[in-house]
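In what follows, a single structure is set out as structure tokens and then discussed.
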Amino acid sequence: MVTGGGRTRKLVRDAGIFLVLSALAAAVIIPMVWIVGVALKPPGEYFDIPPVWFSSDSNLQHFRNISGFNAGYRALLNSFIVAICATSASMVLGTAAAYGLARLRRRGDVWSIWFLSQRILPPVALVIPVFLLIREIGWIDTYQGLILPYIAINTPFVVWMMRGYFLEIPTAIEESAMTDGCGRWSVLFRVVLPLVVPGLLATGVFVWIYIWSEFLIGLFITQTSASITAAVQLPSFTIANDVLWGEMSAFSLLMATPVLILGLFIQRYFVRGLTLGAVKG
Amino acid sequence: MSSITIQNARKVFGRKEKVVALDDVSIEIEDGEFFVVVGPSGSGKTSLLRIIAGLEQADAGRVYLDEDDVTNRRPRDRDVAMVFQDYALYPQLRVRDNIGFGLKRRKVPKDVIAAKVDELAEMLGLKELLDRRPGQLSGGERQRVALARAIAREPRAFLMDEPLSNLDANLRTATRTELAQLHQRLRTTTVFVTHDQVDAMSLGERVAVMRDGNIEQLDTPSGLYERPVSLFVAAFIGSPPINLVETQVTDGTVTVGEAEVPVPGASLEGRSVIVGVRPADFEDEAFALDPSWPKLPVAVTVRKDLGSDAEVVFAVDAKPVRRDDVSSALAGGEFAEVDLVHGRDVPMFAARINAKSSSRIGHNLQLTIDPGRIYLFDPDSGSLILGPGRPEAAVVTSEA
């Protein structure tokens, strides 16, 4: 029974929740919209008071200018190649390891903490040794010089996430498949992996976004347009005594687009991935 | 279809703290037999099944299917089908593909699989469900799909690991009947593991009762009931469980409460014994077959009317039997440990009597005991000294 008083209280509470959520949404959306505006408006209007959201002189000049800076659009391509390669490799290695660890019950718990501890280290603590190593191998300013450390950093994360998903699968299902005529590999590919597709997607996107936006290691390893990544390119729109707000915003927008698309695409799995994978891990 | 032979199987788990799951087990299961392995949890019954399936490797011993030594074969090369407690269906596959999975793995042509799936769906009443996924099915339906999946491959044997324990009481009874019918029809060798003695008694052609990694007794269901080798088996088999008191043979009788029950055989005179009386071997005096049977006056504390007969529960003034073998056999069972009504530490007995008995809660009742059906056990070893399943009350002397 909803009484008159109860209904009012519910209304007030709903309104409160709505206001808080609106404020949070605004905090996320307003900067994004502002970036779109800056990317399109001519330089003279950046700091107009009162602020102009969208200029009447909006054009694509900043996007054209990007190609003149540093690696230009090549940086996006570099990032893309590096992210795809490193993500795929981390996923393959990490998923295989996670499956093994999930099924070696007793030892698995200790190992997974160690794997995760890699991820807890601050990146700054890693970057110098990584740089020295990569220089020693002679991979400075190459794709592989970026891909290798990214695999090393992300594989433990994949192991940790995927192990949680594997632990959710009752072993009886696998044993059933074994008596039904599957070997270990065919159990993995025909029964187990199809069951963790949401986990694979969520984890893959996490890893991909990490690499796509990674800055520090990129800064140390890359030098020329042969390998400069988008995240490293972004600060180079600050020149001498000036910040090229328009170009920087345009480039930010280009960098953010794939992340947004991926986010929308797998939103459904994302929350599940965070809770399921994490809690059980 | 195959016979299954297990020779001296041993399995120990754990490195530091060793748990002996199977001590030294040898069994021969005949081709086409419905063989039940029953025992309390931790008795090693599931390990035994998993060793037959190849999901677990025995530390010692051998497994044969007919003449083939399959000890070192992988599960998929043994050609046995397993039905699991929680069904273990493939959640991402439709019922149709679940049933056909094993056939597909064995490269059976598609049209043959489809025909087989349809045939089984017809047989098990799954026709409407073929295009659903396991998540959309009820427990009983899942159980049927799991059965269909096992049957589809026409394996050498079915291995069933507590397949009924997730079903509610009515469904359980119905599924039991279905399993019995299926076995009549298919005659596939079946090894059925359960902790439920009703499953064991109603399904098994032969039943192995396991305890602490060993087979305590292997017999037909009625053999287990009539001729239990030990207190453990006697307490485990039968529902409600057998009533036990500890006493002494004096002047050729044993005392159960106020009843004096004659015991044949002079050799037992003066010996300490544990007396067992099955609930069904009591009767209301008014319905007793023989007026000369020993009388036991009791005060009824609980009466359960079961329709066909009535169950009464009462306290008996005697020394209760507290032993590890009895309590492990009764663990989880419907067993009244002490007299809760009067707060006394005396054994509570159950009796199955004629439903027309006028006994009521709180009232006195005169019961009779069939003297030819009492069991006597040795309190030291727990083994049977004397039981009802005997020609002329044979006294068991050599059983250790």
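Quick note: the coordinates plus some simple rules give every number you see, no bench work behind them. Every value quoted in this text rests on a predicted model; they were computed, and no experiment measured them. Positions of Cβ are backbone-derived with ideal geometry, glycine not excepted, and every protein chain shown enters the neighbour counts.
Across every pair of non-identical alpha carbons in the stretch A:1-56, the mean reciprocal distance, once inverted, gives a Kirkwood radius of 14.2 Å.
Rg/Rh for the stretch B:194-306 to two decimals, with Rh computed the Kirkwood way over all alpha-carbon pairs. Before the final figure, lay out the partial values.
Values: Rg = 16.3 Å, Rh = 16.2 Å.
So for the stretch B:194-306, dividing Rg by the Kirkwood Rh gives 1.01.
Given a 10 angstrom Cα cut-off, can you work out which residue in B:Phe377, B:Phe101, B:Phe13 is the most mobile in a GNM of chain B? Comparing B:Phe377, B:Phe101, B:Phe13 in a Gaussian network model of chain B, the most mobile one is B:Phe13. Evaluate the stretch B:81-131: find the radius of gyration of its Cα atoms, find its Kirkwood radius, and give the ratio Rg to Rh. The Rg/Rh ratio comes out at 0.95. Taking 27 Å as the limit for the C-alpha separation, the pairs B:Lys295/B:Lys356; B:Lys18/B:Lys45; B:Lys11/B:Lys319; B:Lys107/B:Lys127; B:Lys45/B:Lys107 exceed it in the case of B:Lys11/B:Lys319; B:Lys45/B:Lys107. Could you please state, rounded to a whole Å, how far the C-alpha centre of the stretch A:145-197 is from the C-alpha centre of the stretch B:74-139? If you average the Cα positions of each part, the centres end up 23 Å apart.
Mind checking the stretch A:1-78 for chymotrypsin sites (Phe, Trp or Tyr not before Pro) that DSSP puts in a loop (not H, G, I, E or B) and that have at most 14 other Cβ atoms within 10 Å? The partial results should precede the final answer.
Numbers: sites: A:Phe18, A:Trp34, A:Tyr46, A:Phe47, A:Trp53, A:Phe54, A:Phe63, A:Phe69, A:Tyr73; in loops: A:Tyr46, A:Phe47, A:Trp53, A:Phe54, A:Phe69, A:Tyr73.
Within the stretch A:1-78, the qualifying chymotrypsin sites (Phe, Trp or Tyr not before Pro) (loop, at most 14 other Cβ atoms within 10 Å) are A:Phe47, A:Trp53, A:Phe54.
Footprinting exposure proxy ranking of B:Val37, B:Val313, fewest other C-beta atoms within 10 angstrom first, gives B:Val313, B:Val37.
Note down the relative contact order for chain A as a percent, whole number, built from C-alpha pairs under 8 angstrom at least six residues apart. Working shown, then result.
Values: 302 pairs, mean separation 83.0, N = 281.
Contact order relative to length: 30 percent.
Once you order the gyration tensor axes a ≥ b ≥ c over the Cα atoms, which shape class does the stretch A:129-281 get: rounded for a/c under 1.5, otherwise prolate or oblate by comparing a/b with b/c? Prolate, because a/c is 1.5 or more and a/b exceeds b/c.
For the stretch A:1-66, the relative contact order is 24 percent, taking Cα pairs closer than 8 Å that sit 6 or more residues apart in sequence and dividing their mean separation by the residue count. Peptide A:179-191 is shielded by partner chain Cβ atoms: per residue, an average of 6 of them sit within 10 Å of its Cβ. Please list, short to long, the whole-number percent of alpha-carbon pairs of the protein assembly as shown in consecutive 20 angstrom bins beginning at zero. In order of increasing distance, the bins hold 14, 31, 27, 17, 8, 2, 0 percent.
Per DSSP H run of n ≥ 4, the term is -39500 (n - 2.57); total these for the protein assembly as shown, divide by its residue number, and report the mean residue ellipticity at 222 nm rounded to 500 deg cm²/dmol. Walk me through the intermediate numbers first.
Details: 21 runs with 291 residues, N = 681.
Using -39500 (n - 2.57) per qualifying helix, the result is -13500 deg cm²/dmol.
Build a GNM of chain A with springs between Cα atoms under 10 Å apart, and of A:Gly204, A:Gly16, A:Gly37 the one that fluctuates most is A:Gly16. Shape of the stretch B:22-91 from its Cα gyration tensor (a ≥ b ≥ c, root eigenvalues): rounded if a/c is under 1.5, otherwise prolate when a/b > b/c, or oblate? Rounded, since a/c falls under 1.5.
When you restrict to C-alpha pairs under 8 Å that are six or more residues apart and normalise by the size of the stretch B:1-139, the relative contact order lands at 20 percent.
Calculate, in whole percent, how much of the Cα-Cα pair population of the stretch B:89-210 lies beyond 27 Å. When all Cα pairs of the stretch B:89-210 are counted, 17 percent exceed 27 Å. Cα convex hull, chain A: 214 Å³ per residue, rounded to a whole number.
Send over the Kirkwood Rh of chain B, from the inverse of the averaged 1/r over different Cα pairs, rounded to one decimal Å.
One decimal place: 23.3 Å for the Kirkwood radius.
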